[in-house]
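Read the structure below first, then the notes.
The values are calculated or read from the model by the stated rules, or taken from the named source; none is laboratory data. Quantities reported herein were computed from a predicted structural model and do not represent experimental measurements. Methodologically, a virtual Cβ is constructed for each residue, glycine included, from the backbone with ideal geometry; neighbour enumeration extends over all protein chains shown. Keep in mind that these areas ignore ligands, DNA and RNA; they rest on the heavy atoms of the full protein, side chains included. Shrake-Rupley method; radii C 1.70, N 1.55, O 1.52, S 1.80 Å.
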Amino acid sequence: QLCGMARYDGLYSETEKLITIAPTWRYNLCGPMDDHTDVYPLKPEFDDSIYYNYFKSLLTNQRLMDAAEEYGYKIQFLPHPILFPHKEKFQVNPKIKVLGYGSSFKEVYAKSALMLTDYSSLVFDFAYLKKPIVYTLFDYFDKSNSYNSSGYYDHEKDGLGDVTYTLDDTVDCLIEYMKNDCKIKDKYLERIKNFYAYHDKNNARRIMESILKLEEQGVFGIR
């Protein structure tokens, strides 16, 4: 049954001049989960990784911070939940808020004007609100990056937002959006409209109606 995602019904928009940087994690930079703490420890090579150094450079980029001040934007950093225990590890500009445990993802989606990520699936909830996305694929050509393998989803052809590969291009792209009040580009708005089968708040209703219809047909062995 094609019904849509029930959780999308609860999404709402109260957009502020706020940009959220929300990358996913890299399993190859973490050890096995500690059974006592449920924490994935960082490997020693984390500090020297492309991943860590890229986000350190981005989150302390003075050009980005100057532009945010000029255009009246705030920036916040949302690490992947697996990295919440290590959020103090990341170096950020003092003006950037770092989110952690207790963060409401729905509130992040609601208030953010733009989301920057690498490969996080958070963008599918965010795009449902028809807001701009930037993918920063800074380690796409790094062989140790498990996200760079070919698959059914091509960011250039299928992505719901701009794609950048370098720090400078990423900063340029963010500044361009801030200059234009983070207005989504027509190209990506059209992709978003075509991506979702439904764009309303009736997903849960469709799911329930489909279940009841299947139940009437005896699919569940109940007549």
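Of the set (1) at negative phi; (2) of a type outside the set (V, I, T); (3) not in a helix (DSSP H, G or I), all apply to F46 but (3). The listed residues are K89, K157, and the only one of them that is of a type in the set (K, R), surrounded by fewer than 13 Cβ atoms within 10 Å (Cβ to Cβ) and at pLDDT below 95 turns out to be K157. As a summary of the residue check, N194 satisfies the conditions (1) surrounded by 13 or more Cβ atoms within 10 Å (Cβ to Cβ); (2) without any contact (Cβ under 8 Å) to a residue 12 or more places away in the chain except for the one numbered (1). Any residue at all in segment 21-30 that is open to solvent by 60 Å² or more (accessible area, probe 1.4 Å), more than 26 Å from E107 (Cβ to Cβ) and not charged (D, E, K, R)? Yes: one or more hits. Considering only residues of segment 27-56 that are among the hydroxyl-bearing types (S, T, Y) and within 19 Å of the chain's Cα centre (by Cα), which is farthest from K89 (Cα to Cα)? It comes out as Y27. From the list I184, I175, the one residue that fits, being crowded, with 19+ Cβ neighbours inside 10 Å and modelled with pLDDT of 95 or more, is I184.
Quick grid of which residues meet (1) over 18 Å from the mean Cα position of the chain (by Cα); (2) at pLDDT 95 or above:
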| residue | (1), (2) |
| --- | --- |
| Q76 | no, yes |
| I96 | no, yes |
| S121 | no, no |
| L129 | no, yes |
| G151 | yes, no |
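For F46, the conditions (1) more than 21 Å from M33 (Cα to Cα); (2) open to solvent by less than 20 Å² (accessible area, probe 1.4 Å) all hold with the exception of (1).
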